[in-house]
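The values are calculated or read from the model by the stated rules, or taken from the named source; none is laboratory data. Everything numeric in this text was worked out from a predicted model, so none of it was measured. Methodologically, a virtual Cβ is constructed for each residue, glycine included, from the backbone with ideal geometry; neighbour enumeration extends over all protein chains shown. Please note that ligands, DNA and RNA were not included when accessible areas were found on the heavy atoms of the full protein model with its side chains. Shrake-Rupley method; radii C 1.70, N 1.55, O 1.52, S 1.80 Å.
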Amino acid sequence: MRLTLVFRWFLLLGLMPGGVGTASAVDARVQNIRLGASEGATRLVLEMSERVDFKVFSLDAPRRIVLDLPSLDWPDVNASPEPKGLISGLRFGQFTATQSRLVIDLNTPAIVSRSFVLDPASGFPHRLVVDLKTSSAENFAKQVAADRTAKRAKAPAPSAPPEILQAPRKPNRKPVIVVDAGHGGVDPGASGRKAREKQVTLAFSKELARQLRNTGKYDVYLTRSRDIYIPLRQRVNIARKHQADLFMSIHADAIKRKNVRGMSIYTLSETASDKEAEALARKENRSDIIVGIDFDDQPPEVADILIDLAQRETKNLSVKFANLVVKNARGTTRLLERTHRFAGFRVLKAPDVPSVLIELGFLTNRSDEKQLLSAGWRRKIAKSLVKSVNGFFSSSQQARMTQ
Ligand code: ZN
């Protein structure tokens, strides 16, 4: 059956003499991505500088086809072809330290009928070809199940959920701050005319980390310092692993109404403060779906009741920090009305780390986009955040001493 082509690996062992972690000096380059559609079938072609290994699998809810590849030098996001045929969307980029990924959104149930690599011929370079054909919803579901079984046979069982109770924080250590640049790699986030959210969030996060480190008062970590995807839960776990005292997730929004602009800040709540905040959380939480994370492979979340107990104190501290941010940003930059809002953001769910999500502005608003692309504006806003961080930790230390 054709299905045996799923999960085929090419040349894997022969190409990696040094074993895991030996990345080639220069990644293979994707020179062009092409789509061709005919009745009930669509072909995807990656033109490559060399032959690479790949595997392909299907995911549901929503229906997607995922291609896992080694680290590659991908073309600019703008070079992505217009979706056509069975394909409604296409994303690609770095996925893990050693892997890149291409995610194909399907507008109808479809399965991979063939996938193969062609050597250079007739003026074409190496080509990786994936042929899709329409299928029934039932056959698509069967394919997803088969792919999952095959993947589980190869991969180790998912690890246990993180422990709630941690070793006590060492006394007299510097406060630990984790700055989280939203999106990255295969997940570009929102887009403006020129800017991509993943680029803006990284540039801002680096600036913020630099200024925080310069105070000499904090230990600062970034969840990512390059264009790579980090799953939402892993971002939370990075904060918990460092026993962070504060977690800031940096984002920039996009909205249909192009006149809407300004910065806003979010803290965790089961019930959203308003419809807009709820919609935003839904959008930001889709990040893992966008990059093709299979939730069936994930370890279960920590029991909700434990989270609830540990979280009360954390929530109060998060709100306190958010209030400081709003106070210090007022007069420094344009703020969205009702600047501090609440919703169920997955990335804010560390039960023991005060966490906020900051939407710096709207990439869909020209003035905001211009600001987000300005290093001067980013410096100014980072400075106002550092002021809020200083206020937050000086007052919480005072509180501790008077207890
Ligand atoms: Zn975002």
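Summary of computed values
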| item | result |
| --- | --- |
| Packing-based order for 192-204, 379-391, using average beta carbon neighbours within 10 Å, highest first | 192-204, 379-391 |
| From phi via Karplus (6.51, -1.76, 1.60), per-residue ³J(HN,Hα) for the stretch 225-239 in Hz, x at Gly/Pro | 10, 8, 7, 9, 8, 10, x, 4, 5, 5, 4, 4, 5, 4, 4 |
| Partners for Lys283 among aspartates and glutamates (Cα-Cα distance below 14 Å; same-chain residues under 8 apart left out) | Asp187, Glu197, Asp253, Glu359 |
| Separation of alpha-carbon centers, the stretch 309-350 and the stretch 28-60, rounded to whole Å | 42 |
| Cross-link table Lys217/Lys241; Lys151/Lys198; Lys206/Lys380, entries beyond 22 Å C-alpha to C-alpha | Lys151/Lys198 |
| Accessible surface of the stretch 314-403, 1.4 Å probe, proportion on carbon and sulfur as whole % | 51 |
